[in-house]
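A quick write-up on the structure given underneath.
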Amino acid sequence: MKNSITLEEAQSLVFDHCSLMGSERVNLKESFGRVLFGDLAAQENIPPFARSPYDGYAFRAQDTEQASLKNSVILSIIDEVPAGYTSAFTVESGTAVKILTGAPIPEGADAVIKFEETVILENQIKITAAYQPGENIVPAGEDVKRGTRIASKGTAITSPIMGLIAAIGQEDIAVYKIPKIAIISTGDELVDISAPLIPGKIRNTNCYTLFGYIQSIGAVPLIIGTAKDRKEEIAALIERGLDQADMVLTTGGVSVGDYDMVSRAMEYLGANLLYKKIEIKPGSATAAAVKDGKLILGLSGNPSAALTNFHLVAVPFIKKMAGRTNYLNEKIEVTLKKDFKKESPRRRFLRGRLVFEEGMSMMEPTGGQGNGILSSMIGCNILTEVPGGSGPKRSGEKLAAYLIG
């Protein structure tokens, strides 16, 4: 085990211990946001038949080869087909079928003229222009052809994918099971949100912040409880979390002080420690271990430090465990909108909002950048990277950023 590692090393270590969830079948109405357990292919054409995109008349294009304003073609109307029905007649030379939007093209017809472009003569129509085969016809499989892959394994199901699943008549779908994430808070200073504040105490906010973020990425959060700064008490809650969930998150107690007991609790449990520090700011104070094939990730008690580590390590891990193939934070380039006046001896991540101005992707700070400032996470959807060894950064400079929202 290394005491201090890079962010990429930390990600690689935890990913090496990531076991994918099993599968289950869910009803289509319950599938939004779930992750496909296998490739999804169309078993039939979408749409299943050639149809008309307009109200008009279906006919044989060949009948209009010589049609013009001076040489109109007269066709007899032999039937009318609304959407949802088919014609019992075959369109032959000199005939046409009145057709409404969405109705299937009658046998024998290979073109459609819009209603407003025809001249109607009782039971006949007059056409004054030549048409090509296939003109104004939506072919079968225009959207998706039979056998085409609609979505790949590891893709989160979106509303359009739900619509396509419905279009091929599939009522349920195989998806990965939803991972359960245990949340444990540590610290003598913590009191419940409903308790009165007394000197030296603070309310437990981290577990609720993490609860919301975990829900937002499609996992199930479980608040296990709060432990005092004693390794046996922390270890007991971690063990309970391992029994109830697929991963355990702890907050607080991961620094190097006399009362920082999380890594000691991990060792007390016999867990395999992976690392104790990541070379980033905020979020360097952390610890990761594996027990019984499950990851235990210790986060800082400082809100922004905890959430930086959560977004850069825990979220990709949870997404990977949930079966997603694209689980890493997307990396983009942004332009700083405001000066950042501090030096960054260590690799630093700034909290901000992605805005677009004058054709540029810009990072607008969402508040103070201190480790304990939770309010700066409101509206934050990117973490902007300042390389280690950097001096102050001026507005207009370009930096890499990671999408987290």
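For this structure, a couple of remarks:
- Selection count where residues are of a type outside the set (Ser, Thr, Tyr), open to solvent by 60 Å² or more (accessible area, probe 1.4 Å), in contact (Cβ under 8 Å) with a residue 12 or more places away in the chain and under 21 Å from Asn309 (Cα atoms), scope region 211-229: 2
- Selection within region 86-100 - closer than 19 Å to Phe115 by Cα, open to solvent by 30 Å² or more (accessible area, probe 1.4 Å) and out of contact with any Pro (no Cβ under 7 Å at 6 or more places or on another chain): Lys98
- Considered as a group, the residues in region 175-186 that are in a loop (DSSP other than H, G, I, E, B) and touching a strand residue (DSSP E or B) at 6+ places or on another chain (Cβ under 6 Å) include one that is surrounded by the fewest Cβ atoms within 10 Å (Cβ to Cβ), and that residue is Ile178.
- Of all the residues in region 154-169, those that are in a loop (DSSP other than H, G, I, E, B) and surrounded by 14 or more Cβ atoms within 10 Å (Cβ to Cβ) number 4.
- Every test in (1) open to solvent by 40 Å² or more (accessible area, probe 1.4 Å); (2) within 27 Å of the chain's Cα centre (by Cα) is passed by Glu232 save one, and that test is (2).
- When each of Ser375, Ser395 is tested for being open to solvent by 40 Å² or more (accessible area, probe 1.4 Å), among the polar types (S, T, N, Q), in a loop (DSSP other than H, G, I, E, B) and out of contact with any Pro (no Cβ under 8 Å at 6 or more places or on another chain), the lone residue that passes is Ser395.
- Members of region 257-276 found to be farther than 14 Å from Thr186 by Cα and in contact with a helix residue (DSSP H, G or I) (Cβ under 9 Å, 6 or more places away or on another chain), listed by number: Glu267, Tyr268, Leu269, Ala271, Asn272, Leu273, Leu274, Tyr275, Lys276
Residue-by-condition table, conditions (1) of a type outside the set (D, E, K, R); (2) in contact with a Gly (Cβ under 8 Å, 6 or more places away or on another chain); (3) more than 21 Å from Thr64 (Cα to Cα); (4) open to solvent by 30 Å² or more (accessible area, probe 1.4 Å):
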position	(1), (2), (3), (4)
Ala130	yes, no, no, yes
Ile137	yes, no, no, yes
Glu142	no, no, yes, yes
Lys145	no, no, yes, yes
Ala151	yes, no, yes, no
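- Against the criterion of being of a type in the set (Phe, Trp, Tyr) and in contact (Cβ under 8 Å) with a residue 24 or more places away in the chain, Tyr208 does not qualify.
- Every pair of residues 6+ apart whose Cβ atoms lie under 9 Å, when the first sits in region 353-376 and is more than 12 Å from Leu307 (Cα to Cα) while the second is aromatic (Phe, Trp, Tyr) and open to solvent by 60 Å² or more (accessible area, probe 1.4 Å): Met362/Phe356
- Test: residue in region 187-210 that is crowded, with 21+ Cβ neighbours inside 10 Å and part of a strand (DSSP E or B): yes
- Only listed residue being farther than 24 Å from Thr384 by Cβ and of a type in the set (D, E, K, R), chosen from Lys294, Lys319, Lys337, Lys341: Lys294
- Residues that are charged (D, E, K, R), under 23 Å from the mean Cα position of the chain (by Cα) and open to solvent by 10 Å² or more (accessible area, probe 1.4 Å), drawn from region 347-360: Arg353
The values are calculated or read from the model by the stated rules, or taken from the named source; none is laboratory data. Because the structure is predicted, anything quoted here is derived from the model rather than measured. Positions of Cβ are generated from backbone atoms using ideal geometry, with glycine treated the same way; all protein chains shown enter the neighbour counts. Surface accessibility is based on the protein's heavy atoms, side chains included, excluding ligands, DNA and RNA. Shrake-Rupley method; radii C 1.70, N 1.55, O 1.52, S 1.80 Å.
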